[in-house]
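Everything below concerns the one structure shown next.
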Amino acid sequence: MSSPTSRREAGQVNDAIDEALAAPSPAHRQRLLQLARASSAPEFAERIWRRATRLGKRHPREGRRLQAARDGLILALYASRAPRGWACAWCDGSSTRVGSRLAAGIGGIVRDAPGAIVARISRAIGEHDALGAELAALAAVMRAAIERGERRLCVYTDNRALVALWNERRDDDRLSVIRGLGAELQRFSLRALPRRHNRAADALARSAMAASPHS
């Protein structure tokens, strides 16, 4: 059984999340990130997700706005776990078969070191399988960061197989473009996160895929 103190603290965190979802502001976001320090990013992101879902059921007309606020808070949470002074990016690739052909799209978001969103990518890329789309999305956010002068970059993807490939088989021919872009950076890190915590990049990829002439 939880103590009165732990219940009170949990209530304070829930109230802070609800405030940040209802009226997103730098002050609300900063307070929330301070409260999140004692938790892992996935754990706290799930808490944000649950509170957003609960508020959405209470206020169905606010559903889209709450989803956007939720995704923004989750991005800020993961960005806060990157090393100080690093830019962050989130990427996703989506591919589907339409008849005998593949249609793929990529999505990505780039956040500079000071914390501003400097690029949103949503692009159809023609016929690529799932891994090809993921690699194209990763390359796109890396290029966008490099073009904006970033030299230290932490990228989040929900494709754990891609993270494993990069960490364990970096000389794989399929990673040649990523290796080349990585060489242009002083530091580079590729990290996995749960799929639904990457919803913002996923939505951009799916939107691009839906607009593909092959879809």
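The values are calculated or read from the model by the stated rules, or taken from the named source; none is laboratory data. Since the structure is predicted, the reported quantities are computational estimates derived from the model, not experimental observations. Ideal geometry is used to build each Cβ from the backbone, glycine not excepted, and the neighbour counts take in all protein chains shown.
Some observations on this one:
- Pairs where the first residue, in the range 71-95, is on the phi > 0 side of the Ramachandran plot and the second is part of a helix (DSSP H, G or I), C-beta under 9 Å, 6+ apart: none
- Criterion (in the same structural domain as residue 92 (by TED's automatic domain parsing) and touching a Cys at 6+ places or on another chain (Cβ under 7 Å)) met by exactly one of 177, 163, 155: 155
- Of all residues in the range 168-205, exactly one satisfies the criterion of being among the acidic types (Asp, Glu) and either crowded, with 19+ Cβ neighbours inside 10 Å or in contact with a Phe, Trp or Tyr (Cβ under 7 Å, 6 or more places away or on another chain) (or both), namely 202.
- Leading residue by the ranking (modelled with the lowest pLDDT) among those in the range 127-138 that are surrounded by fewer than 18 Cβ atoms within 10 Å (Cβ to Cβ) and touching a Leu at 6+ places or on another chain (Cβ under 8 Å): 127
- All helices (runs of 4 or more DSSP H) inside the range 8-96 with 2 or more residues being more than 21 Å from the chain's Cα centre (by Cα): 41-58
- Per the listing 111, 120, the residue uniquely charged (D, E, K, R), closer than 19 Å to residue 142 by Cβ and surrounded by 17 or more Cβ atoms within 10 Å (Cβ to Cβ) is 111.
- For residue 56, the requirement of being touching a Leu at 6+ places or on another chain (Cβ under 9 Å), surrounded by 24 or more Cβ atoms within 10 Å (Cβ to Cβ) and over 20 Å from residue 150 (Cβ atoms) is not met.
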